[in-house]
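The values are calculated or read from the model by the stated rules, or taken from the named source; none is laboratory data. Remember, it's a predicted structure, so these values are computed and weren't measured experimentally. Here the Cβ positions follow ideal geometry from the backbone for every residue, glycine too, while neighbour counts run over all protein chains shown.
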Amino acid sequence: MSDNPYQNARGNKDKSIANPKPPGTLKSYGSETEGRPGTREGQPFLIGDDMTGGYGTGADILHGCTISVDKGQIAVIVGPNGAGKSTAMKAVFGMLNVREGAVRLDGEDITRLTPQARVAKGMAFVPQTSNIFTSMTVEENLEMGAFLRRDDIATTMEQVYDLFPILREKRLQPAGELSGGQRQQVAVGRALMTKPKVLMLDEPTAGVSPIVMDELFDRIIEVAHTGISILMVEQNARQALEIADKGYVLVQGRNAFTDTGKALLDDPEVRRSFLGG
Ligand SMILES: Nc1ncnc2c1ncn2[C@@H]1O[C@H](COP(=O)(O)OP(=O)(O)OP(=O)(O)O)[C@@H](O)[C@H]1O
Ligand SMILES: [Mg+2]
């Protein structure tokens, strides 16, 4: 039996993502990521609370926007193009200043911390674009992900390769030679190399086929089952809300709807306005 914490075949169809090994016991990376729901004083594990702000001295893009995720859960942000979904993610990760509001991780106010300091606290972010080093090999990309670590990264790399077997096969190939879906696996794998408590993904399934999207979602569910919280933006709103513990519909930098993924899928107004009926 493997030590892979993600190992769980979940009926995968696509070999490029599917784990060929039989299902095993899901284990977390460490005691810190043990899957307990909620956190201190009933607060969410990670929250961008009432965030207002924009880029540099420009106009505000976010207007009192709140997004959060609980331990080991999946929170999904959907909404029209330009709604501020990526901006909200960047605000939570410290890539732009929030003028008002706060970001808290496990009860600690991290609003003023740099992105690097947030990585050290257990946050990992896969941005929407330019999320891999195309001229570097797959393995070098994974090593880059672990740049802050001083401990042995071999075990984590094996776990990533077990999660995404195609990456092991292509580990010595430049990442730029991989398909869109494989590149997204490199990006997610690179983020996992930091052993994060929270994994933030901005459109992880952008540009991939429906089958690859389903497989990638299955892998993301496995990661969440190890106790890692997932906060992700998705253009494939319907499919993403199906796997979401909590969903946010953002419109013009504001929370338009917030509920469980299922409730949003069942809401006639959300369906009509944002899910194509
Ligand atoms: N670096 C930037 N500097 C200035 N304005 C920006 C910057 N990035 C985005 N914006 C503006 O912020 C607003 C929200 O953009 P954002 O990228 O957050 O939307 P989004 O919801 O992620 O859209 P999409 O679905 O297309 O990815 C837009 O009006 C955009 O022009
Ligand atoms: Mg975006």
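Is it true that some residue in segment 133-141 is among the aliphatic types (A, V, I, L, M), surrounded by 15 or more Cβ atoms within 10 Å (Cβ to Cβ), under 22 Å from Met89 (Cβ atoms) and at pLDDT 95 or above? No, that holds for no residue.
Checking every residue in segment 99-122 against the condition of being more than 24 Å from Thr155 (Cα to Cα), within 16 Å of ligand 2 (Cβ to nearest atom) and either modelled with pLDDT under 95 or within 19 Å of the chain's Cα centre (by Cα) (or both) gives zero matches. Note on segment 176-272: enclosed strands (runs of 3 or more DSSP E) holding 1 or more residues that are aromatic (Phe, Trp, Tyr) and surrounded by fewer than 21 Cβ atoms within 10 Å (Cβ to Cβ) are 254-259. Kindly evaluate Val270 against the criterion of being modelled with pLDDT of 95 or more, more than 20 Å from Ser130 (Cα to Cα) and in contact with a Leu (Cβ under 6 Å, 6 or more places away or on another chain). Here the answer is yes, as Val270 does meet what is asked.
Just to be sure I understand, how many residues within segment 189-223 are closer than 19 Å to Lys121 by Cβ and more than 16 Å from ligand 2 (Cβ to nearest atom)? Talk me through it step by step, then tell me what you get.
In the first step, residues of segment 189-223 are kept if they are closer than 19 Å to Lys121 by Cβ; the result is 190-201, 223.
Add one more test, that the residue is more than 16 Å from ligand 2 (Cβ to nearest atom), and what stays is 190-199, 223.
Total satisfying the criteria: 11.
Here Ala102 meets the list (1) touching a helix residue (DSSP H, G or I) at 6+ places or on another chain (Cβ under 8 Å); (2) more than 20 Å from Leu201 (Cβ to Cβ); (3) among the aliphatic types (A, V, I, L, M) almost entirely, failing just condition (1).
Check segment 68-81 and report whether any residue there is closer than 26 Å to Thr205 by Cβ, of a type in the set (D, E, K, R) and either at pLDDT 95 or above or within 16 Å of ligand 2 (Cβ to nearest atom) (or both). Checked segment 68-81: at least one residue is closer than 26 Å to Thr205 by Cβ, of a type in the set (D, E, K, R) and either at pLDDT 95 or above or within 16 Å of ligand 2 (Cβ to nearest atom) (or both).
Residue pairs whose Cβ atoms lie under 9 Å apart, sitting 6 or more positions apart in sequence or on different chains, and linking a residue in segment 228-241 that is under 17 Å from Gln184 (Cβ atoms) to a partner that is among the hydroxyl-bearing types (Ser, Thr, Tyr) and part of a strand (DSSP E or B), are Leu231/Ser68. Exactly one residue out of Gly261, Gly227 is small (Gly, Ala, Ser), more than 16 Å from ligand 2 (Cβ to nearest atom) and under 15 Å from the mean Cα position of the chain (by Cα), and it is Gly227. In this structure, does Thr155 turn out to be surrounded by fewer than 17 Cβ atoms within 10 Å (Cβ to Cβ) and over 19 Å from the mean Cα position of the chain (by Cα)? The answer is yes for Thr155. Of all residues in segment 42-67, those being under 21 Å from Lys262 (Cβ atoms), of a type outside the set (A, V, I, L, M, F, W, C) and surrounded by 21 or more Cβ atoms within 10 Å (Cβ to Cβ) number 1. Residues that are away from ligand 1 (no atom under 16 Å from the Cβ) and out of contact with any strand residue (DSSP E or B) (no Cβ under 6 Å at 6 or more places or on another chain) number at least 2 in none of the strands (runs of 3 or more DSSP E) confined to segment 56-161.
The set of residues from segment 164-174 being surrounded by fewer than 24 Cβ atoms within 10 Å (Cβ to Cβ) and part of a helix (DSSP H, G or I) comprises Pro165, Ile166, Arg168, Glu169.
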